[in-house]
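For reference, the structure discussed in these notes is given below.
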Amino acid sequence: MLHNILPLFIVIPLASAFLNSLLGKRIRGFSDILSGVATFLLAGFSIWAAFLFRESGVVVYKVGGWIPPIGISMVMDGLTVFMLVTVNVIAFLISIYSIDYMERYTDKWNFYCLFLLMVSGLNGVIISGDIFNLYVFLEIAAISSYALVAFGVEDEGLEASFKYAVMGTVASSFILLGIVFLYSLTSTLNMADMSRELIGKGHPHIVLLVSALFIMGFGLKAALVPFHAWLPDAHPSAPAPISAMLSGVLIKTLGIYAMVRIFFSVLGVTPQILNVLMVLGALSMVVGVCLALGQWDMKRLLAYHSISQIGYVVLGIGLATPLGIIGGLFHLLNHSVFKSLLFLNSGAVEYATGTRDLEKMGGLRERMPVTANTSLVASMSISGVPPFNGFWSKLIIIAACIQAQHFVYAFWAVLASILTLSSFMKVQRYGFFGELKERLNQVKEVPFFMKFSMITLAVFCLVGGFLLTYVFYSDFLKVAKDVVMSGQDYASIVFGAIR
Amino acid sequence: MSVYFLCLVLFCVGLYCVLRKRNLIKIIIGIAIIEYAVNLFFVLVGYRMNGRAPIDSPGQSIVNMVDPLPQALVLTAIVIGLAVTALIASIAMRVYEKYGTFDITKIRKLKG
């Protein structure tokens, strides 16, 4: 059964993007319904796949019937299931939100077309078992995101999009160069086969060069600190649903997931690489939050926090202990929930008041109760206040740092968390509490679909901690952790699953 | 060996162009050069001296062929490069309409 579902994750968004570009202009309301239905199906299928995965185990889909080391393959294992659920559920909620929000722009169908292309690129990166295919899907997602950042065709958007496109393209070239070196070393493109060849060859020195190229390439896609310059420009300039998509899932899929898959499953991690990852993670965590403290533009502030939170994820995964990896992956999921929610909140505020400047807001709680309460939930989640999901994942990461005797990293993680809290107190104080400004008297709450997405995400924030309870943990987080922990056994697992 | 070295030089020329030039169009050209360098390197990886075209026909033994796979992949990479170049060029045109200049030091509405 899972065999038949697997290709649908690419086929559905690709086909509906095509139909959107064909019919969206002619039939009014068509693109809203089509992309809503498509992303709903994707979310449903991803959750169904997670259930089916319990019985079937690892599944390999052979594209065109060719046996994998020769043909292209799609692989579904624990980490894939985990990422698919994260991406597709968030994509569904954002697509619902866009129905009302994107009314401000012309050519809504173009937006949906690019959005669905981006989703198909993300899903493709996640399920691809072939390294060149991974690169192609990565480029699909990246190119559509360059276009989406410039979607408003305003000055800032165009400038940010140009910057993002140039840096993203250079990063992609580094990734392609790394793939070329790996191909010349192993004479194969299938990731499992490549991993097997690399084990056979011991650890050749060229792998170090390849690792450096991949850290540069994927590090830029993930916006780790020395490579972060594009993110604070690109994310705020995009329309709010796209900011949510970029911060929520794109940097994680193209950056973290691809990095984890290649370093842990294909190349095999060495202590040096883990050290580099941990240093980059800690650096992003602290620098991101320090830069965020001085911001008054709400979306720009959130964008800097994305850098900081990605640092937590990379730090957790870089520890490479079971606890650290669980913490990292769980934080990845939680961050995609609350950061999407915060960006949707900022979009709602911009929709209602026309400004993103915190100094011009104030007292919106009276006028926009839903937005204010959901943003309060998200702010408490991101700063790690106990009942919400962000608290649990940060706690696990800090505990993992202490368990692995990395007390310095634990200290920085705690410090960054405190600074995050102070920064979000500023957002709440100036944005939603306090006196209602004179000119904001006419502000109305946002329409239904926007409220629906925000409330759903807020509920996820509230109940996210339950994923750590035994029932969900063993089927969802643990299988993802096992994939990362098993490392280069990936090869034998995948070849064992080919029938 | 010198071919690979020249390929590296080409890559560095492109990188220099992206990093140091102020004109948007020159940056786009730099990106194109980087892509060409990587593609060229990819084809070189599959090439062998005095090899023949990888076409299998009856009566011929499979020896001394160039590797066809990188050529197929480079075709894909070229198409991706074309898409990126076209997109960036169109963005640069819109930037020019808004700002009236191609100089990146004058296109500075975003802070930090």
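Heavy atoms of the protein chains alone define the surface here; on that basis the range A:297-468 has 35 Å² accessible area per residue at 1.4 Å probe size. Within 10 Å of the Cβ of each residue in A:157-165, the mean number of Cβ atoms contributed by other protein chains is 6.
A loss of 10 Å² or more of accessible area (1.4 Å probe, protein heavy atoms, ligands and nucleic acids excluded) relative to the isolated chain is seen in these residues of the range B:32-57: B:Ile34, B:Glu35, B:Val38, B:Phe41, B:Phe42, B:Val45. The largest-to-smallest principal axis extents of the Cα set in chain A are 71, 58, 44 Å. Counting only other chain Cβ atoms within 10 Å of each residue's Cβ, the peptide A:130-140 averages 2. Note every residue of the range A:174-197 with a reduction of at least 10 square angstrom in accessible area, all protein chains present versus the isolated chain, computed with a 1.4 Å probe, or write none. Correct list: A:Phe174, A:Leu176, A:Leu177, A:Val180, A:Phe181, A:Tyr183, A:Ser184, A:Leu189.
Here the spin labels are modelled as points 7 Å beyond Cα on the Cα-Cβ line, and at A:Val63 and B:Asp56 they lie 2.1 nm apart.
Protection proxy ranking for A:452-460, A:307-315, A:33-41, using the average of other Cβ atoms within 10 Å per residue and placing the highest first: A:307-315, A:452-460, A:33-41. In chain A, the DSSP-assigned H stretches of four residues or longer account for a calculated mean residue ellipticity at 222 nm of -23000 deg cm²/dmol, using -39500 (n - 2.57) per stretch and the full residue count as denominator. Rolling a 1.4 Å probe over the protein heavy atoms of the protein assembly as shown, with every protein chain left in place, gives an accessible area that is 68 percent carbon and sulfur.
Listed cross-link partners A:Lys426/B:Lys21; A:Lys252/B:Lys109; A:Lys221/B:Lys98; A:Lys252/B:Lys106; A:Lys163/A:Lys451 are compared with a 31 Å cut-off, the Cα-Cα value being larger for A:Lys426/B:Lys21; A:Lys252/B:Lys106; A:Lys163/A:Lys451. Seen against the Cα atoms of chain A and their longest principal axis, helix A:389-403 is set at about 50 degrees. A Cα-only calculation for the range A:277-333 places Rg and Dmax at 12.0, 39 Å. Just checking the listed ones, B:Gly30, B:Gly81, B:Gly100: in the Gaussian network model of chain B with Cα springs under 10 Å, the one fluctuating most is B:Gly100. Heavy atoms of chains A and B lose about 3200 Å² of accessible surface on contact, summed over both sides with a 1.4 Å probe. Principal-axis analysis of the Cα atoms of chain A puts helix A:78-101 at an angle of about 30° to the longest axis. Residue by residue along B:87-99, Cβ atoms of other protein chains within 10 Å of the local Cβ number 5 on average. The trypsin sites (Lys or Arg not before Pro) of the range A:388-460 that DSSP puts in a loop, and whose beta carbon has at most 16 other beta carbons within 10 Å, are A:Lys437, A:Lys444. Round to the nearest 10 and give me the degree value, 0 to 90, for the angle of helix A:108-127's Cα axis relative to the longest principal axis of chain A. The angle comes out at about 30 degrees.
Look at the alpha carbon pairs under 8 Å that are at least 6 residues apart: their mean separation over the length of chain A gives a relative contact order of 17 percent. Here the Debye sum runs over all C-alpha atoms of the range A:297-468 as equal scatterers in vacuum, and log10 of I(q)/I(0) at q = 0.09, 0.14, 0.20 Å⁻¹ comes out as -0.31, -0.69, -1.20.
The values are calculated or read from the model by the stated rules, or taken from the named source; none is laboratory data. Treat the numbers as computed from the prediction; the structure is a model and nothing was measured. Because the Cβ atoms are built from the backbone with ideal geometry, glycine has one as well, and the counts that use them run over all protein chains shown. For accessibility, only protein heavy atoms count, side chains too; no ligands or nucleic acids. Shrake-Rupley method; radii C 1.70, N 1.55, O 1.52, S 1.80 Å.
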